[in-house]
1. When the residues of the stretch 110-138 are narrowed to those that are over 14 Å from the mean Cα position of the chain (by Cα) and open to solvent by less than 40 Å² (accessible area, probe 1.4 Å), which ends up nearest to the ligand (Cβ to nearest atom)?
2. Does the stretch 31-81 hold any residues that are among the basic types (Lys, Arg) and open to solvent by less than 60 Å² (accessible area, probe 1.4 Å), and which are they?
3. Keeping to the stretch 50-65, report how many residues are of a type in the set (A, V, I, L, M) and touching a residue at least 12 places away in the same chain (Cβ under 8 Å).
4. Confirm whether Phe71 is within 10 Å of the ligand (Cβ to nearest atom) and modelled with pLDDT of 95 or more.
5. For Ser91, indicate whether it is closer than 24 Å to Leu4 by Cα, open to solvent by less than 30 Å² (accessible area, probe 1.4 Å) and more than 8 Å from the ligand (Cβ to nearest atom).
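The values are calculated or read from the model by the stated rules, or taken from the named source; none is laboratory data. Since the structure is predicted, the reported quantities are computational estimates derived from the model, not experimental observations. No Cβ is skipped: glycine too gets one built from the backbone with ideal geometry, and neighbour counts run over all protein chains shown. Protein only, heavy atoms only, side chains kept; ligands, DNA and RNA dropped before computing areas. Shrake-Rupley method; radii C 1.70, N 1.55, O 1.52, S 1.80 Å.
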Amino acid sequence: MIWLYGLSFFVILIDQITKWLVTMFMEVGERIAIVDSFLYLTSHRNQGAAWGILQGQMTFFYIITVIIVAFLVYYMQTQAKESKWSGIALSLLLAGAIGNFIDRLFRKEVVDFVDVYIGNYNYPIFNVADASLSIGVVLFLIATFIEEKKQKEAK
Ligand SMILES: CCC[C@@H]1OC(=O)[C@@H](C)C[C@H](C)CCCCC(=O)CCC[C@@H](CC)/C=C/C=C(\COC)CC[C@@H](O)[C@@H](O)C[C@H](O)CNC1=O
């Protein structure tokens with residue numbers, strides 16, 4: 001159980017270190033090709049949420065994030081004992097929410113740098129916290145689906 005918070009802490013550490021490196025060694029807008037026409041490191045800032053929605057609504061983001069974190073911690077304390085995978089999913093969601101919260105608190109914007117091109121579609125530039133949130137969402141849905149299937153079969 002406690003190791004789930006360890007996992008969150010580790011992901012938050014990676015998130016903050018990568019963001020710090022980008023702000024230290026790259027100008028905003030600077031781009032480094034990792035895999036040509038597929039993967040770039042592009043130093044980017046976002047005052048909004050996914051796809052840049054709600055630019056500058058920091059107070060809203062603080063409130064939403066505190067609610068999300070409170071809910072996740074409560075759920076980790078009660079529900080995660082059941083299945084390991086939903087525990088890991090909650091831990092990744094917690095890490096992602098806190099990672100971007102730290103940016104919003106101290107930078108008033110979020111640092112993004114993972115720039116992926118799928119075909120000629122340029123996916124919004126994101127960061128480790130976003131990836132952790134997205135993986136957490138997918139993992140949580142899978143864990144919940146498997147859990148329900150098990151309960152149905154048990155009947
Ligand atoms: C990942 C959630 C976004 C993250 O939410 C957060 O912080 C949470 C904890 C707090 C928000 C204030 C509230 C959630 C709003 C819901 C939302 O937004 C719908 C999202 C769906 C999601 C499926 C899971 C898509 C994914 C998109 C992207 C990530 O793809 C990997 C593109 C990321 C780039 O636009 C990048 O510039 C974003 C920037 O880093 C700030 N990040 C955030 O606001």
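1. So, considering only residues that are over 14 Å from the mean Cα position of the chain (by Cα) and open to solvent by less than 40 Å² (accessible area, probe 1.4 Å), the one nearest to the ligand (Cβ to nearest atom) is Val116.
2. Correct list: Arg45 only.
3. The total comes to 2.
4. The answer is no for Phe71.
5. yes
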